[in-house]
Amino acid sequence: MEKIPMTDAGYRRLEGELKNLKSVERPSIIRALSEAREHGDLSENAEYHAAKERQGFIESRVLELEDKLRRADVIDVSQLSGASIKFGATVVLADEDTDEESTYQIVGTDEADIKAGLLSVTSPLARALISKSQGDSVDVETPRGHKSYEIVKVKYK
């Protein structure tokens, strides 16, 4: 069984989503199905079919979240240190063409949010950064073409 790396914050977020699905969404969809059944003929009942579709989505997501949480390898970033980049590192990069700086933390796939500076460990940029150190340059193919970055700072928080 392959472990899924994630930060503690990412693990808690998935736990919260699972709890919400089980304690709020499931009961809500059960009520909606019950109400739809009361309207009579189910074969032509759009509310019933929509509720069944939503129930399928919820149950599928519950199974997915339970699997991810079971396989989670929670990494305590506060216990990490060092000069080289690894999972959990916060990295300040300078675009070598524009000198524009950006800051990213390398996190698990389910935690990624590029607008919040959370970079998936499986992304091309993160894969290029792993094992590099401050002062190194990395070249990466992005959806917008070839980019070169200089690693300005590596920290663990």
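Laboratory data are not the source of any read-out in this text; all were calculated from the coordinates shown. For clarity, every value in this text was computed on a predicted model and none was experimentally measured. Neighbour counts run over all protein chains shown; Cβ positions are idealised from the backbone, glycine included.
Observations on the structure shown:
- Exposure rule at most 14 other beta-carbon atoms within 10 Å, DSSP loop GluC sites (Glu not before Pro): the chain longest free segment: 3-95
- Between helix 8-20 and the chain there is an angle of about 10 degrees, using the helix long axis and the longest principal axis of the Cα atoms.
- Relative contact order computed over the chain (Cα-Cα under 8 Å; 6+ residues apart), in percent: 24
- Taken about its Cα centre, segment 62-157 carries a charge dipole of roughly 340 debye when the Cβ of each Lys and Arg holds +1 and the Cβ of each Asp and Glu holds -1.
- Rounded to the nearest 10 degrees, the inclination of helix 46-71 to the longest alpha-carbon principal axis of the chain is 40 degrees.
- Calculated P(r) tail over 23 Å for segment 72-157, as whole % of Cα pairs: 14
- Computed magnitude of the charge dipole of segment 111-157 (debye, nearest 20; Cβ of K, R +1, Cβ of D, E -1): 160
- Pairs from the list LYS68/LYS153; LYS115/LYS155; LYS86/LYS153; LYS19/LYS68; LYS19/LYS157; LYS86/LYS157 with a Cα-Cα gap above 23 Å: LYS68/LYS153; LYS19/LYS157.
- Phi-derived couplings, Karplus 6.51 cos²θ - 1.76 cosθ + 1.60 at θ = phi - 60°, listed residue by residue for segment 88-96: x, 5, 9, 10, 9, 10, 10, 5, 5 Hz, with x used for Gly and Pro.
- Between helix 26-38 and the chain: long-axis angle, C-alpha atoms, 0 to 90°, nearest 10: 30
- Here is the tail figure for the chain: Cα pairs spaced more than 25 Å apart come to 48 percent of all pairs.
- Taking amide H as placed 1.01 Å from N in the peptide plane, ILE4 has its amide H under 5 Å from the amide H of ALA72, ASP73, each at least 5 places away in sequence or on another chain.
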